[in-house]
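I have placed the structure first, in the form of structure tokens, so that the comments after it can refer back to it.
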């Protein structure tokens, strides 16, 4: 049964960017899908600097619904929201003031 691999690299654009998370995707994409997933074959989906949390959730739900093993690799920046101090994965449009609304 084929597996699914979701490669998610996300970090804010502009001056606030602490790391270039998308730079890890070419390295991970060079690894054979069977090694990433632990299955004989796998579908690989890359998300590089997505803009909207809903787009990430849609892809994640679709990957989770696929039969076989699911492997999710996440690279990026964690930011704490100002109100509850909870960690969120910062996406391309995330700023310190909008973490709760634009991050995942």
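Values quoted throughout were computed directly from the atomic coordinates according to the rules given, and no laboratory measurement underlies them. Values in this document were obtained by computation on a predicted structure and should not be read as measured data. Because the Cβ atoms are built from the backbone with ideal geometry, glycine has one as well, and the counts that use them run over all protein chains shown.
Some values worked out for this structure:
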{"read-out": "Gain on full stretching of the segment that runs from residue 19 to residue 101 - 0.36 nm per residue minus C-alpha separation", "value": "27.4 nm"}
{"read-out": "Relative contact order of the range 32-88, pairs being alpha-carbon contacts under 8 Å that are 6 or more residues apart, as %", "value": "24"}
{"read-out": "Rounded Å value of the spacing that divides the Cα centres of the range 15-34 and the range 40-104", "value": "14"}
{"read-out": "Residue 35 versus residue 48: modelled label distance in nm, points set 7 Å from Cα along the beta carbon direction", "value": "2.0"}
{"read-out": "Estimated [θ] at 222 nm from DSSP helical runs (n ≥ 4, -39500 (n - 2.57)) normalised by residues in the chain, nearest 500", "value": "-6500 deg cm²/dmol"}
{"read-out": "Folded to 0 to 90 degrees: helix 53-65 orientation relative to the chain principal axis, Cα", "value": "20"}
{"read-out": "Candidate values [x] 6.5; [y] 9.9; [z] 7.0, label of the one derived for mean projected area of the Cα convex hull in nm²", "value": "[x]"}
{"read-out": "The range 3-102, relative contact order in percent, only Cα pairs under 8 angstrom and at least six apart counted", "value": "39"}
